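Student: Sharing a structure, written as structure tokens. Questions coming.
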Amino acid sequence: MELGVRLNRLQLQNPILVASGTFGYAREMTAFVDFAQLGGIIPKTVTPQPRPGNPPPRTVETASGMLNSIGLDNDGFDQFVAEKLPYLTGLGTAIIVNIAAKTNDDFRRMAGVLAKCPGVAAIELNISCPNVSGGVDFGTNPKLAAEVVAAVRETCEIPVIAKLTPNVTSVVPIAQAVADAGADAVSLINTFQGMAVDWKRRRPVLGNVLGGLSGPAIKPLALRIVWQVSKAVNIPIIGVGGIQSIDDVMEFFLVGATAIQVGTANFYNPSLANQLVDELPAA
């Protein structure tokens, strides 16, 4: 059965990807995953300069989900390109590099370098992280979101995906703005901003107070947003949010997604993405 899908200029061998921030830089998953079987890998977000991330605790389990406040902890773009990217591009599947920055110039610079790196299939713009000061501002404003996409498209010819935040009144205007600016696809959705409290100690659980909620708890909300955007905006959608079974995958396809990303489930079932690829032909 032919499982390949096309997201405008991005061709994937199948529609099952793994989400940024849940799969490390892939090397950590070697014992559990057949990388070449996946539709694509989106490694952990990289920023122009190294970031120490937010203070601990950074994660907490919640009812049917998880709150995280990692804060884009990473070693910086230059080290990623020199040390992580060569390994990733040798794994036999599409590598979609997720980048975040606080200025259009930084987005443009990173995209320009990545466009010249052999093996990079696409760029995913993280303009939606709820745990980093400055980053979420792009994703909540249609004009600013479009400017980021336009800046990147001016610099590079490889496909561009915009990962959008659900922490707005409506995602539709932002999806339309990035589509008009030239995005090849949108990833829907990033995490919902939330909070956990230890009432006995009378303080928040997370060191950064607020975090991003992911996991099965957000799936109905993610489905709703994918459906709304698919009805209003002519752009391919990658569905993200609470996927842990082939039934979840098919639900996202039914409401308008062309591909999906497995996120939080990678933490407790790192082989899930491979399992979903195997189950697709019978679904």
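Student: Taking the criterion of being touching a helix residue (DSSP H, G or I) at 6+ places or on another chain (Cβ under 9 Å), charged (D, E, K, R) and either crowded, with 17+ Cβ neighbours inside 10 Å or in contact (Cβ under 8 Å) with a residue 40 or more places away in the chain (or both), would at least one residue in region 76-96 satisfy it?
Tutor: yes
Student: Another one. Return the residues of region 81-99 that are among the aliphatic types (A, V, I, L, M) and outside any loop (DSSP other than H, G, I, E, B); say none if nothing qualifies.
Tutor: The answer is 81, 82, 85, 88, 94, 95, 96, 97, 99.
Student: What do you reckon, is residue 242 at positive phi and part of a loop (DSSP other than H, G, I, E, B)? Give the steps one after another, and end with the answer.
Tutor: Details: at positive phi: yes; part of a loop (DSSP other than H, G, I, E, B): yes.
Answer is yes for this residue.
Student: Go through (1) surrounded by fewer than 19 Cβ atoms within 10 Å (Cβ to Cβ); (2) at positive phi one by one and return the number of the condition residue 207 breaks.
Tutor: In the conditions (1) surrounded by fewer than 19 Cβ atoms within 10 Å (Cβ to Cβ); (2) at positive phi, residue 207 misses (2) alone.
Student: Could you please tell me which pairs satisfy a Cβ distance under 9 Å, a separation of 6+ or placement on different chains, a first residue in region 113-126 that is charged (D, E, K, R), and a second residue that is modelled with pLDDT under 95?
Tutor: Correct list of pairs: 116/156.
Student: Can you tell me how many residues within region 60-73 are under 11 Å from residue 209 (Cα atoms) and of a type in the set (S, T, N, Q)?
Tutor: 2
Student: I would also like to ask the following. Here is a list of conditions, (1) in contact with a Leu (Cβ under 8 Å, 6 or more places away or on another chain); (2) outside any helix (DSSP H, G or I); (3) open to solvent by 10 Å² or more (accessible area, probe 1.4 Å), and residue 235 meets all of them except one; can you say which number that is?
Tutor: The number of the failed condition is (1).
Student: Follow-up. Of everything in region 119-134, what is modelled with pLDDT under 95, small (Gly, Ala, Ser) and surrounded by 22 or more Cβ atoms within 10 Å (Cβ to Cβ)? Give them in sequence order. I'd like the intermediate steps shown before the answer.
Tutor: Pass one, region 119-134, residues modelled with pLDDT under 95: 127-134.
Filter once more, keeping what is small (Gly, Ala, Ser): 128, 133-134.
Within region 119-134, 128 is the sole residue that qualifies.
Student: Here is a list: 146, 151. Which entry is in a helix (DSSP H, G or I), farther than 26 Å from residue 213 by Cα and touching a residue at least 24 places away in the same chain (Cβ under 8 Å)?
Tutor: One residue alone meets the criteria, 151.
Student: Same structure again: Those residues that are part of a loop (DSSP other than H, G, I, E, B), surrounded by 21 or more Cβ atoms within 10 Å (Cβ to Cβ) and among the hydrophobic types (A, V, I, L, M, F, W, C), I need them from region 159-183; list them, please.
Tutor: 164, 171, 183
Student: Give the residue that is nearest to residue 149 (Cα to Cα), with candidates limited to residues of region 187-203 that are open to solvent by 40 Å² or more (accessible area, probe 1.4 Å) and not in a loop (DSSP other than H, G, I, E, B).
Tutor: Start the filter on region 187-203 by keeping residues that are open to solvent by 40 Å² or more (accessible area, probe 1.4 Å), which leaves 193, 195, 197-203.
Checking which are not in a loop (DSSP other than H, G, I, E, B) leaves us with 193, 195, 197-198, 203.
On the way: 193: 24, 195: 30, 197: 37, 198: 40, 203: 39 Å.
By that ranking, first place goes to 193.
Student: Return a yes/no flag: does region 1-9 have any residue that is over 26 Å from residue 182 (Cα atoms) and modelled with pLDDT under 95.
Tutor: yes
Student: Give the residue, chosen from 206, 221, that is part of a loop (DSSP other than H, G, I, E, B), aliphatic (A, V, I, L, M) and in contact (Cβ under 8 Å) with a residue 24 or more places away in the chain.
Tutor: Exactly one residue qualifies, and that residue is 206.
The values are calculated or read from the model by the stated rules, or taken from the named source; none is laboratory data. On a predicted model such as this, the values are computed, not experimentally measured, just so you know. Methodologically, a virtual Cβ is constructed for each residue, glycine included, from the backbone with ideal geometry; neighbour enumeration extends over all protein chains shown. All accessible areas refer to the heavy atoms of the entire protein, side chains included, with ligands and DNA or RNA removed. Shrake-Rupley method; radii C 1.70, N 1.55, O 1.52, S 1.80 Å.
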